[in-house]
Amino acid sequence: MRNIITLNEFILDKQNEFQYASGELTRLLNDIGIAARIINSEVRKAGLVDILGKAGSENIQGEEQQKLDVYADNQMINSFKYGGQVCGIASEENDDFLAFDQPNSVKGKYVAIFDPLDGSSNIDVNVSIGTIFSIYRRVSTDGPAQLEDFLQKGTEQVAAGYVIYGPSTMLVYTTGKGVNGFTLDPSIGVFCLSHPNMKMPDDGRLYSFNEGNYNSFSGGLQKYCDWVKEEDAATGRPYSCRYIASMLADIHRNLIKGGVFCYPATTGSPNGKLRLLYECNPMAFIVEQAGGIATTGHKRIMEIQPTELHQRVPALMGSKNMVNKVLEMIEQYG
Ligand code: P6P
């Protein structure tokens, strides 16, 4: 008796929950699964082939592109381009959006927005990295994808998730009906359901802040960082700092164990460092669907009306009671 449920079987079982034509979701997530397995294969041998290090180019943020960034970006683009469901993409690694013009994709009803390899500063030091994706229905009515298709609020996402390339490779996604996690079985090259109906604990003891930026934190955040260090058995303090500078890996750990992640506005990044469209919105969808909170510290992230593809926002997301404690201190101390 086979006791595994594959990603494809799961999607087929759940496709009646998808508010649009059922087969479309199956194809969409299948396209992502294929790209994930191809990227995973390259990530797993990154130290052995000439794919480590810098690509000798920069992305729009002026960040050195890693060879693996560019490789992952190309795999995601090709997978969507030939999958037929998506009429265009936007990506951290591309200055502008790409409107597909292939006959089978120009009529695609969706657009995909992704960070092909988040945490790329960790590639060369073998720390978990990942792919983050967000799917919207196009709003333009015909012809090639338009900018308006990409500048939609996070609340309009029809699917979102991530692939984490860690000790194992996992794909975690939501279509607005809860969060489910699938672990790649490399012996058969299939994602298998391993974390059904993921729920973020309401409480936890892990906080993920880069306290190197403490001096530029707002008063409320500084107070929170001081509060977590106090000895208080009743509230499980001092908490533990867990920060590996891969947003999706930090949030994935907090999703399982309970915790709070924060990348606020700092002197170096006055609007925060993380991008709204392909980091904060998809992770916010996952966090909220798992019972957590995802805010800028003042506004629900998914309710922000985007104005540009690569805009950054402050991000505070995680276990409900922990985020509310941070918000309480922001309220009191600014
Ligand atoms: P810092 C990775 O480069 C990233 O965009 C996020 O994944 C991560 O949370 C953040 O930057 C880390 O930034 O400034 O703490 O190194």
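Could you give the dipole magnitude of the chain about its Cα centre, charging the beta-carbon of Lys and Arg +1 and that of Asp and Glu -1, in debye to the nearest 20?
So the magnitude is around 760 debye.
Using Cα centres only, tell me the gap between segment 98-121 and segment 4-20 in whole Å.
Comparing the Cα centres of segment 98-121 and segment 4-20, I get a distance of 22 Å.
Under the classification rounded if a/c is under 1.5, otherwise prolate if a/b is larger than b/c and oblate if not, where does segment 143-247 fall, given a ≥ b ≥ c as square roots of the Cα gyration tensor eigenvalues?
Oblate is the answer for segment 143-247, as a/c is 1.5 or above yet b/c matches or exceeds a/b.
222 nm [θ] for the chain, helices only, -39500 (n - 2.57) per DSSP H run of 4+, per residue, to 500? It would help to have the intermediate numbers written out before the result.
Numbers: 8 runs with 94 residues, N = 334.
Computed ellipticity for the chain at 222 nm equals -8500 deg cm²/dmol.
Please sort 134-143, 71-80, 246-255 by packing, taking for each peptide the average over its residues of neighbouring beta carbons within 10 angstrom, highest first.
Ranking the peptides 134-143, 71-80, 246-255 by packing returns 246-255, 71-80, 134-143.
Amide H of Arg312: which non-local residues (sequence gap of 5 or more, or other chain) have their own amide H closer than 5 Å, using H built in the peptide plane?
Sorted by chain and number, the residues that satisfy this are Leu276.
Apply the a/c threshold of 1.5 to the C-alpha gyration tensor of segment 190-334 and tell me whether it is rounded, prolate or oblate. Working shown, then result.
Working: a/c = 1.69, a/b = 1.06, b/c = 1.60.
Here segment 190-334 falls in the oblate category.
When only Cα pairs under 8 Å and 6 or more residues apart are kept, what is the percent relative contact order across segment 206-333?
For segment 206-333, the relative contact order is 30 percent.
For the chain, give the share of DSSP beta bridges that are antiparallel, in percent and rounded to the nearest 5; count only bridges with both residues there.
Antiparallel: roughly 80 percent of the beta bridges in the chain.
Can you list residues whose amide H is under 5 Å from Asn271's amide H, if they're 5+ apart or on another chain and H is modeled 1.01 Å from N?
For Asn271, the qualifying residues are Thr266.
Rank by packing, highest mean first: peptides 323-329, 231-237, with packing defined as the count of other Cβ atoms within 10 Å averaged across residues.
Numbers: 323-329: 18.3, 231-237: 9.4.
Peptide ranking by packing, descending: 323-329, 231-237.
Please sort through the DSSP H helices of the chain and keep those with an alpha-carbon extent of at least 30 Å along the long axis and a Kyte-Doolittle average not below -1.0.
22-43
How much of the accessible area of segment 7-195, probe 1.4 Å, is carbon plus sulfur, in whole percent? Display every interim value, and only then the final one.
Working: 3670 of 7550 Å².
Here carbon and sulfur together make up 49 percent of the probe-accessible area.
Which of rounded, prolate, oblate describes segment 7-195, given a ≥ b ≥ c as roots of the alpha-carbon gyration tensor eigenvalues and a/c under 1.5 marking rounded, otherwise prolate only if a/b is larger than b/c?
Judged from the Cα gyration tensor, segment 7-195 comes out oblate (a/c at least 1.5, b/c at or above a/b).
The values are calculated or read from the model by the stated rules, or taken from the named source; none is laboratory data. Bear in mind that the values here come from a model prediction, so they are computed numbers and not experimental data. We place every Cβ from the backbone using ideal geometry, glycine too, and count neighbours over all the protein chains shown. Calculation scope for accessible area: heavy atoms of the full protein, side chains included, ligands and nucleic acids excluded. Shrake-Rupley method; radii C 1.70, N 1.55, O 1.52, S 1.80 Å.
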